[in-house]
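Q: Take this structure first; my questions come after.
The values are calculated or read from the model by the stated rules, or taken from the named source; none is laboratory data. Note that the coordinates shown come from a computational prediction; the quantities given were computed from them, not determined experimentally. Neighbour counts are summed over all protein chains in view; Cβ atoms, including those assigned to glycine, are modelled from backbone coordinates with ideal geometry. These area figures cover heavy atoms from the full protein model, side chains too; ligands, DNA and RNA do not enter into them. Shrake-Rupley method; radii C 1.70, N 1.55, O 1.52, S 1.80 Å.
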Amino acid sequence: MLRFLESMQWVLFIFFTAAYAYQIFYLLVGLWGKQRGGVENAELHRYAAIISARNESAVIGRLIRTLKEQDYPSELLDVIVVADNCTDNTAEVARSAGAIVYERFNKVQVGKGYALDYLFKHIFEEQGEDAYDAFFVFDADNIVDPQFVREMNKMYDTGEYSALTSYRNSVNLADNWVSSGSALWFIRESRFLNNSRMILGSSCHVGGTGFMFSREVMRRNRGWKFHLLTEDLEFTMDSILHGDRIGYCGTAILYDEQPVTFSQSWRQRLRWSKGFLQVFRYYGMALIKRAVRERDFSSVDFTLLLCPFTVLGVIRIVLGLLFVAFGFVTWQSQLSAIAGWAFDIVLAVVTMMALAALTIVAERDHIGATNKELFAYVLSFPIYMLSYMPISFQAIFSKAQWKPIVHKG
């Protein structure tokens, strides 16, 4: 039994090392690599900006205004909203701001994925499949930079990408340690993951908002077929398996609103963690097969992204305690393992503080907070990240469902 536990420990160590060693390489590429740009004299394409909103009357008007004020021909950008199971006046606010609005009421099929599918089917039936060259997806609490669509269009016009994601900043990073932890995580992902993938010619990860995809992708999927808890991650994995290339446009800036209470953040990340487990279950083996068969680095990259390391670590701890309880192994052997993990946690805390500090230094021009606040958020970032451990454990047993987060506007 002891040999089994030691073997499991080594397997976890190897996977952890593989998962984070290449991300260190990504970090170096993101620091010194040259960001890729699009076509300067790009053809102007026709787009639809899609927004799924549930009781978002406080914020949706602001997003629509920033889309209407884009430095891009207004006749080439339609703003379309699906007011999903709303009990407030989201639909009226969106219409008054100039959006095309559909209202949906379905208490059985709940969630953003179902709302998007409903909306795309209406667009195809009423306007045809060729009405738009591509589609943007936004959350109602977003704000977009005036150059967002023009910059994304430059990258899309290269013809290299079936989907694109953008630079994800935050409107409320400086509110408190909870919002700053989430905001720094997304900024880090933009600069040191997606930007690095783009430089190296690998596919990027589509976030839940501020991304776009081509008409051809929608034709293939016959709308929006992704209904797991993390439908954006599911979309990414499906695209990778179809051989699509997902790009990153770092000059297209989106501002997202982060949760400001720990309970909201916990609930949101519990859904994400459960969604990761769902996507790994449905797509993990197919990604591994593609990685081996096609020698596709993107498949390797996203297999490691999906791999539930925290779950495996928890299983290892529980097995060790059970084996001790039944007398299969000694307390001394397991205490030694726990001591090693304690050292690893201390090292992880220092590493996460360094990563937060590096993100702040590299992206200081994009971060609106005082130096005193940023110093405090560097210290609190490991707390935010380590809270993923109990969240990931709860996700194993939880029946997490999509629930809206109240936005203050």
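Q: Given the residues S203, S180, S196, S273, which is the only one that is surrounded by 22 or more Cβ atoms within 10 Å (Cβ to Cβ) and outside any helix (DSSP H, G or I)?
A: Going through S203, S180, S196, S273 in turn, the sole match is S203.
Q: Just name the residue that is farthest from S57 (Cα to Cα) out of those in the range 104-117 that are open to solvent by less than 40 Å² (accessible area, probe 1.4 Å) and in contact (Cβ under 8 Å) with a residue 60 or more places away in the chain.
A: D117
Q: Would you confirm whether or not the range 155-162 contains a residue that is more than 14 Å from the chain's Cα centre (by Cα), farther than 21 Å from E40 by Cβ, part of a strand (DSSP E or B) and touching a residue at least 40 places away in the same chain (Cβ under 8 Å)?
A: No.
Q: On to the next question. Which of the residues spanning the range 215-234 are in a loop (DSSP other than H, G, I, E, B) and crowded, with 18+ Cβ neighbours inside 10 Å?
A: Answer for the range 215-234, where residues must be in a loop (DSSP other than H, G, I, E, B) and crowded, with 18+ Cβ neighbours inside 10 Å: W224, F226, L228, L229, T230.
Q: Of the residues E103, E75, E92, which is in contact with a Cys (Cβ under 8 Å, 6 or more places away or on another chain) and not hydroxyl-bearing (S, T, Y)?
A: None of the others qualify; the one that does is E103.
Q: Output yes when any residue across the range 63-76 is buried (at least 19 other Cβ atoms within 10 Å of the Cβ) and closer than 17 Å to H122 by Cα, and no when none is.
A: no
Q: Show the residue pairs meeting these rules: Cβ distance below 8 Å; 6+ apart or different chains; first residue within the range 73-91 and farther than 10 Å from A53 by Cβ; second residue among the β-branched types (V, I, T) and open to solvent by less than 10 Å² (accessible area, probe 1.4 Å).
A: Cβ pairs passing all conditions: L77/V149; V79/I51; V79/I64; I80/I50; I80/I51; I80/I123.
Q: So, in the range 118-134, how many residues would count as being touching a residue at least 12 places away in the same chain (Cβ under 8 Å) and not in a helix (DSSP H, G or I)?
A: Of the residues in that region, 6 qualify.
Q: Right, next: Give me the pairs, please: first residue somewhere in the range 26-43 and at pLDDT 85 or above and surrounded by 13 or more Cβ atoms within 10 Å (Cβ to Cβ), second residue anywhere and of a type in the set (S, T, N, Q) and not in a loop (DSSP other than H, G, I, E, B), beta-carbon distance under 6 Å, and either six or more positions apart or on two chains.
A: Qualifying pairs under 6 Å: Y26/S196; V29/S196; G30/N195; G30/S196; A42/N153.
Q: Right, next: Would you check which residues across the range 157-171 are closer than 13 Å to S214 by Cβ and open to solvent by less than 10 Å² (accessible area, probe 1.4 Å) and list them?
A: A163, L164
Q: Still on this model: What are the residue pairs meeting all of these: first residue in the range 348-361, first residue over 10 Å from F381 (Cα atoms), second residue open to solvent by 30 Å² or more (accessible area, probe 1.4 Å), Cβ atoms under 7 Å, and 6 or more apart or on different chains?
A: T359/R191
Q: Pick out the one residue from A163, A53 that is at pLDDT below 95 and touching a strand residue (DSSP E or B) at 6+ places or on another chain (Cβ under 9 Å).
A: A53
Q: If you take the residues in the range 77-103 that are assigned to a strand (DSSP E or B) and of a type in the set (D, E), which one is surrounded by the fewest Cβ atoms within 10 Å (Cβ to Cβ)?
A: Within the range 77-103, the match that is surrounded by the fewest Cβ atoms within 10 Å (Cβ to Cβ) is E103.
Q: Right, something else. Identify all residues within the range 393-403 that are surrounded by 14 or more Cβ atoms within 10 Å (Cβ to Cβ) and either at pLDDT below 85 or charged (D, E, K, R) (or both); write none if there are none.
A: Across the range 393-403, the qualifying residues are F393, I396, S398, A400, W402.
Q: When you go through (1) open to solvent by 20 Å² or more (accessible area, probe 1.4 Å); (2) under 29 Å from the mean Cα position of the chain (by Cα); (3) modelled with pLDDT of 65 or more one by one for P259, which number turns out not to apply?
A: Exception for P259: condition (1).
Q: Considering the range 360-385 alone, what residues qualify as being under 21 Å from the mean Cα position of the chain (by Cα), among the acidic types (D, E) and part of a helix (DSSP H, G or I)?
A: Of everything in the range 360-385, nothing turns out to be under 21 Å from the mean Cα position of the chain (by Cα), among the acidic types (D, E) and part of a helix (DSSP H, G or I).
Q: Given the conditions (1) in contact with a Ser or Thr (Cβ under 8 Å, 6 or more places away or on another chain); (2) open to solvent by 50 Å² or more (accessible area, probe 1.4 Å), and given that A134 satisfies all but one, which numbered condition is not satisfied?
A: (2)
Here's the yes/no breakdown for (1) open to solvent by less than 50 Å² (accessible area, probe 1.4 Å); (2) of a type outside the set (A, V, I, L, M, F, W, C):
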{"residue": "A354", "(1), (2)": "no, no"}
{"residue": "A357", "(1), (2)": "yes, no"}
{"residue": "V361", "(1), (2)": "no, no"}
{"residue": "R364", "(1), (2)": "no, yes"}
{"residue": "T370", "(1), (2)": "no, yes"}
{"residue": "E373", "(1), (2)": "no, yes"}
{"residue": "L379", "(1), (2)": "no, no"}
{"residue": "I383", "(1), (2)": "no, no"}
{"residue": "I391", "(1), (2)": "yes, no"}
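Q: Also: Name every residue in the range 138-171 that is hydrophobic (A, V, I, L, M, F, W, C) and closer than 14 Å to V217 by Cα, in order of residue number.
A: Matches in the range 138-171: A163, L164.
Q: Looking at D141, is it in a loop (DSSP other than H, G, I, E, B), under 22 Å from G210 (Cα atoms), at pLDDT below 95 and charged (D, E, K, R)?
A: Against the criterion (in a loop (DSSP other than H, G, I, E, B), under 22 Å from G210 (Cα atoms), at pLDDT below 95 and charged (D, E, K, R)), D141 qualifies.
Q: I'm trying to understand the selection: among the residues of the range 44-65, which are in a loop (DSSP other than H, G, I, E, B), of a type in the set (G, A, S) and touching a residue at least 40 places away in the same chain (Cβ under 8 Å)?
A: Hit for the range 44-65 is A58, nothing else.
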